[in-house]
Amino acid sequence: MAIYRLLCAPRSALCALALCASALCAPLCATAAQIIPIKTLPIAQSDQFNFFPSANQAMGGVSLALTDSLLDPFVNPAKGARLRSGSMQFFGTPTFYSISRAAGGGQTLPVGALLSRGSLFGGAVFAMQELNPSRADQIAFNQPVFTAGARFAAVPLLPAPEQGRNKTNRYAFATLGRRVTNGFSLAGSILYADLRRIDGVDQLYAGSQSVKQYGGDFDARFGVMRDWENGAALEALVLHDRLAMTHDVTFAETFYDPNLRFVTVRPRVDRNLDHTNTWGVHLAWQRPLGDSGWRIGTSVTGNMMTHPKLPNYQIVDVVRPVPWDPGHSAAYNFGVGVAQHQGLSTFALDLIYEPIFTHTWGEAPSDIETVGGAVIPAGGRTTENHFTFSNIVARLGFGQDIPIEGARYPLRLQGGVAAHSIHYWLTQDDHVQLTSRRQYEQWTEWAPTWGVSMRFGGVDLRYVGNTTHGTGRPGITQQLLTPGVLTTSDAFGATGILAAPNGPLTLTPVTITTHQLSIAVPLP
């Protein structure tokens with residue numbers, strides 16, 4: 001497998017949250033991905049950011065040729081102009097997700113309102129989220145124990161693992177826009193996330209005792225839209241996103257005191273920064289094909305990302321470690337979609353191609369001599385990594401309305417599937433050892449989706465579910481020794497100390513299941 005690096009995961013998901021109105025970004029969430037996620041390992045990204053309402057999420061998240069009355073105002077704030085003037089809607093979308101193999105879970109309660117008065121429209125959302133720890137961490141992050149065979153000093157009490165506790169994240173979103181004339185509208189929005197945990201990050205520091213996460217993400221966007229009377233629509237969006245997270249990682253460091261002739265353990269805290277800045281542009285167009293019931297849509301998205309600081313994740317024995325320091329990425333996607341509404345049935349299909357180019361490098365902390373005798377000065381590049389991605393996203397969805405006798409509105413059943421096929425080539429140049437290597441990786445993440453909705457008077461009730469497959473989580477393979485156990489070797493006598501390895505890391509397949517309930521109530 002390739003080494004993991006989720007260069008912009010948090011925000012791509014966060015964008016999926018406020019942008020999608022439903023969801024730092026997951027490839028399979030119900031959004032056109034105005035912030036494009038970059039992954040180099042099939043690590044399982046939880047649905048912690050997928051909690052806003054969506055009318056199409058149960059249909060695989062199709063979006064290119066099919067409007068989404070619930071999600072659209074959060075994806076592009078200018079789409080809030082489609083709210084009926086003089087209306088106000090209050091909504092709540094309690095969302096729950098769980099990861100198989102006791103790898104964690106979470107629950108989120110967002111509440112918000114959208115309103116339209118005259119030429120102005122806007123809204124706000126606030127969400128509280130609690131993330132549950134992975135029970136597997138009780139094995140991976142245990143306190144050190146010792147076996148007989150040497151003299152050991154008293155072991156100091158190490159901090160309780162932060163990843164063993166529930167953590168709370170908070171999200172706030174606001175938008176405001178104006179209808180100008182002739183179907184033209186413009187609007188802006190901001191989203192801030194106060195983060196105390198991004199699910200899965202603690203699994204990426206092999207051998208650590210505790211991982212404390214804190215920081216935030218700020219996303220600002222400005223959108224314009226033009227609706228024509230024949231049903232055609234054109235939209236444009238510019239955005240800026242700033243992710244700033246800190247990971248304080250505690251390791252249990254063993255050392256031998258030659259004066260006291262004791263082995264003991266002491267905590268060592270490494271501070272890792274995860275900073276990514278993104279500028280993005282998105283263009284999309286839709287139109288009906290005559291009166292056939294068919295619609296067609298296209299979109300183009302571009303992201304320019306800078307990575308001032310990237311964490312030094314420690315996933316050993318997966319592949320050769322790739323040093324990370326500064327870097328930058330250019331990510332694009334080009335999509336086309338079709339949809340048909342015929343009677344009580346709806347069908348939609350999206351196909352998206354994603355070329356991505358990422359360049360990262362390691363910097364010398366001091367002058368380093370190469371094997372050829374040359375000197376790399378402090379701050380010079382010791383290793384350069386070039387990633388070239390060629391990804392494909394496909395979404396397919398169906399909907400069927402079932403009339404109910406005596407009811408004004410039909411029961412709506414929806415189903416679909418979303419798939420994200422990832423292919424990339426890595427070229428790594430080691431300027432110290434004067435070597436170069438190439439590596440190719442590919443995998444597919446896919447998720448079936450389903451849902452049901454019903455309207456009673458003006459109240460909308462909706463349920464959406466999905467299960468993501470094709471991903472995994474790093475885990476500890478117990479082999480010769482138990483993680484965290486220190487032992488002595490008879491070959492070295494009482495003075496020889498061997499620290500037991502943590503064992504080779506593996507990606508254990510997991511599935512992520514999400515359930516969302518949504519209620520929208522019109523207010524006078």
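The values are calculated or read from the model by the stated rules, or taken from the named source; none is laboratory data. None of the values given here were measured: they were computed from a predicted structure. Using ideal geometry, Cβ is built from the backbone for each residue, glycine included, and neighbour counts are taken over all protein chains shown.
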Query raised in the report: Could you list, in sequence order, the residues of region 424-466 that are within 30 Å of residue 392 (Cβ to Cβ), among the β-branched types (Val, Ile, Thr) and either touching a Lys or Arg at 6+ places or on another chain (Cβ under 8 Å) or surrounded by fewer than 17 Cβ atoms within 10 Å (Cβ to Cβ) (or both)?
Result: 427, 444, 452
Query raised in the report: Say we look at region 55-81 and pick out the residues that are assigned to a helix (DSSP H, G or I) and among the small types (Gly, Ala, Ser); which of these is farthest from residue 227 (Cα to Cα)?
Result: 58
Query raised in the report: Taking region 86-109 only, how many residues are farther than 14 Å from residue 516 by Cβ and β-branched (Val, Ile, Thr)?
Result: 1
Query raised in the report: So which pairs qualify, if the first residue must be in region 57-73 and farther than 12 Å from residue 297 by Cβ and hydroxyl-bearing (Ser, Thr, Tyr), the second must be surrounded by 24 or more Cβ atoms within 10 Å (Cβ to Cβ) and at pLDDT 90 or above, the Cβ gap must be under 9 Å, and the two must be at least 6 apart or on different chains?
Result: 69/55
Requested in this report: Any chance you could count how many residues in region 395-410 are in contact with an Asp or Glu (Cβ under 7 Å, 6 or more places away or on another chain) and surrounded by fewer than 19 Cβ atoms within 10 Å (Cβ to Cβ)?
Outcome: 1
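Among the candidates 224, 211, single out the residue that is modelled with pLDDT of 95 or more, in contact with a helix residue (DSSP H, G or I) (Cβ under 9 Å, 6 or more places away or on another chain) and assigned to a strand (DSSP E or B).
None of the others qualify; the one that does is 224.
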Query - Selected residue (criterion: surrounded by the most Cβ atoms within 10 Å (Cβ to Cβ)) from residues of region 289-319 that are in contact with a Lys or Arg (Cβ under 8 Å, 6 or more places away or on another chain) and at pLDDT below 95 - result: 313
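Mind listing just one residue for me: the one in region 184-205 that is among the hydrophobic types (A, V, I, L, M, F, W, C) and surrounded by 21 or more Cβ atoms within 10 Å (Cβ to Cβ) and, of those, modelled with the lowest pLDDT?
Per the criteria, the residue is 204.
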Query raised in the report: Mind checking which residues of region 394-412 are aromatic (Phe, Trp, Tyr) and part of a strand (DSSP E or B)?
Result: 398
Report summary line: Going through region 411-423 in order, the residues found to be of a type in the set (A, V, I, L, M, F, W, C) and surrounded by 15 or more Cβ atoms within 10 Å (Cβ to Cβ) are 413, 417, 418, 419, 422
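This table checks each residue for (1) surrounded by 12 or more Cβ atoms within 10 Å (Cβ to Cβ); (2) small (Gly, Ala, Ser); (3) not in a strand (DSSP E or B).
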{"residue": "331", "(1), (2), (3)": "yes, yes, no"}
{"residue": "335", "(1), (2), (3)": "yes, yes, no"}
{"residue": "338", "(1), (2), (3)": "yes, no, no"}
{"residue": "348", "(1), (2), (3)": "yes, yes, no"}
{"residue": "351", "(1), (2), (3)": "yes, no, no"}
{"residue": "358", "(1), (2), (3)": "yes, no, no"}
{"residue": "371", "(1), (2), (3)": "no, no, yes"}
{"residue": "392", "(1), (2), (3)": "yes, no, no"}
Query - Among (1) under 21 Å from the mean Cα position of the chain (by Cα); (2) in a loop (DSSP other than H, G, I, E, B), the one test that residue 84 misses - result: (1)
Requested in this report: Of all residues in region 208-224, count the ones that are aromatic (Phe, Trp, Tyr) and closer than 22 Å to residue 170 by Cβ.
Outcome: 2
Report summary line: Of those in region 320-357 that are of a type in the set (D, E, K, R) and modelled with pLDDT of 85 or more, the residue farthest from residue 246 (Cα to Cα) is 350
